[in-house]
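Single-structure report; data block below.
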Amino acid sequence: MKEQEPVQDNINTNVEEEFEMNDHVNQEHTADENSIPEENSASEREASKATAAKEGNAEHAALRAELEEQQQRLLRAQADFDNFRRRTQKEKEELGKYASAKLITELLPVIDNFERALASGEQGTDVTSYAKGVEMIFRQLEGVLGAEGLKAMETVGEQFNPEFHQAIMQVESDEYEEGIVVEEVQKGYMLKDKVLRPAMVKVSG
């Protein structure tokens with residue numbers, strides 16, 4: 001019995017060594033398996049970063065192109081506005097310069113008749129006929145101005161109104177009450193609804 005004890009010890013030693021070797025192999029295998037996913041994850045992260053960088057660059061380029069397009073549109077709109085402003089200013093100046101063209105055109109026949117009346121006066125035309133001709137020209141002139149909205153004020157017998165009348169004198173009157181226009185020294189005129197020239201009047205005191 002004493003001779004078999006070393007054999008049993010050897011067997012136990014061999015079994016233990018085999019277990020240790022298997023554990024070592026398993027640990028190395030496990031380490032190798034764990035190292036592969038780490039390398040794959042790093043590669044995937046790098047690839048993901050590269051993809052994100054490309055997408056970011058593409059988006060940046062698109063935004064830059066859109067910004068440049070909007071800037072060009074803004075410049076074109078500003079240029080169009082400047083052209084419109086200059087054109088409008090020019091039209092406004094021309095309108096102010098030639099605003100009286102229509103009225104003057106209508107007054108030309110009146111001037112023609114005045115010239116004819118003056119020529120007939122130099123030829124010794126009868127005074128009565130001459131006066132009648134001048135009166136006709138005056139009525140023609142009134143008609144042209146009336147068509148443009150000019151109207152003479154009716155002042156005598158009206159209540160004095162500083163918006164329409166300019167009092168130059170206050171007089172005693174038995175015919176009119178106090179504050180009534182009794183005499184018109186110079187006619188006043190309205191242009192449509194606006195006072196073009198107030199009438200110069202005398203007012204009862």
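Modelled spin-label separation between Ile104 and Lys49, with each label point placed 7 Å from Cα along the Cα-to-Cβ direction: 8.3 nm. Our estimate of slack between Asp193 and Gln123, defined as 0.36 nm per intervening residue step minus the Cα-Cα distance, is 20.8 nm. For Val185, nonlocal amide neighbours, meaning residues 5 or more places apart or on other chains whose placed amide H falls under 5 Å from its own, are Met200, Val201, Lys202.
All of the numbers you see were taken from the coordinates with simple rules; none came from a lab. Given the structure is predicted, the values throughout are model-derived calculations rather than measurements. Positions of Cβ are generated from backbone atoms using ideal geometry, with glycine treated the same way; all protein chains shown enter the neighbour counts.
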